[in-house]
1. Loop-only chymotrypsin sites (Phe, Trp or Tyr not before Pro) in segment 1-31, please: DSSP not H, G, I, E or B, and at most 11 other Cβ atoms within 10 Å.
2. Compute the angle between helix 34-55 and the longest alpha-carbon principal axis of the chain, please, reported from 0 to 90 degrees and rounded to the nearest 10.
3. Of (1) 8.0; (2) 7.0; (3) 6.6, which is the value of mean projected area of the Cα convex hull in nm² derived from the coordinates here?
4. For the chain, what is the relative contact order in percent, using Cα pairs closer than 8 Å and at least 6 residues apart in sequence?
5. Taking only Cα atoms, what is the 0 to 90° angle, nearest 10, from helix 78-90's long axis to the longest principal axis of the chain?
6. Tell me, in nm to one decimal, what length is gained between VAL123 and ASP91 on full extension, where the rule is 0.36 nm per residue of separation less the Cα-Cα distance?
7. Using alpha carbons only, how many degrees (0 to 90, rounded to 10) separate the axis of helix 2-24 from the longest principal axis of the chain?
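Derivation of every value follows stated rules applied to the coordinates shown; laboratory data play no part. As the structure is a prediction and not an experimental result, all values here were calculated from the model. Positions of Cβ are generated from backbone atoms using ideal geometry, with glycine treated the same way; all protein chains shown enter the neighbour counts.
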Amino acid sequence: MQAFLYVFLGGGLGSICRYGISRLIQANEWHFPTATFVANVISCIILGFFIGMALKDGMNSSQRLLWMTGFCGGFSTFSTFSGETFQLLQDGHTTTALAYVLGSLVVCILCIGLGIFLSQKLV
């Protein structure tokens, strides 16, 4: 039961951060979903950092549930990413949709690596 509480608290914090980013970043003229992209990039850097810490046994299971599962899960958003991609395709913005999908995959995977690298250097 305690595990659910950690995920719940972390998820709430992550969701608030995600919402804050969407409020700070306005829609742009290119129809590119910048707020979701930025939230996912930041979340991947943070997740990579925590993965690096966990690999060094720097996090216990409660911390992993709170930060990795809860916070990063609430902060990043695959469903919004998918919905925005679908909407771009529906609106005929195929090139933007393709750039969004490929850019998100490449950049977010690199950001996981960056986060792991940072944890190894800083912790």
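1. Numbers: sites: PHE4, TYR6, PHE8, TYR19, TRP30; in loops: TRP30.
Answer in residue order: TRP30.
2. With rounding to tens, the tilt is 20 degrees.
3. (1)
4. Values: 162 pairs, mean separation 50.4, N = 123.
For the chain, the relative contact order is 41 percent.
5. 10 degrees
6. On the way: separation 32, 0.36 × 32 = 11.52 nm, distance 4.57 nm.
Contour length minus the Cα-Cα distance gives 6.9 nm.
7. 40 degrees
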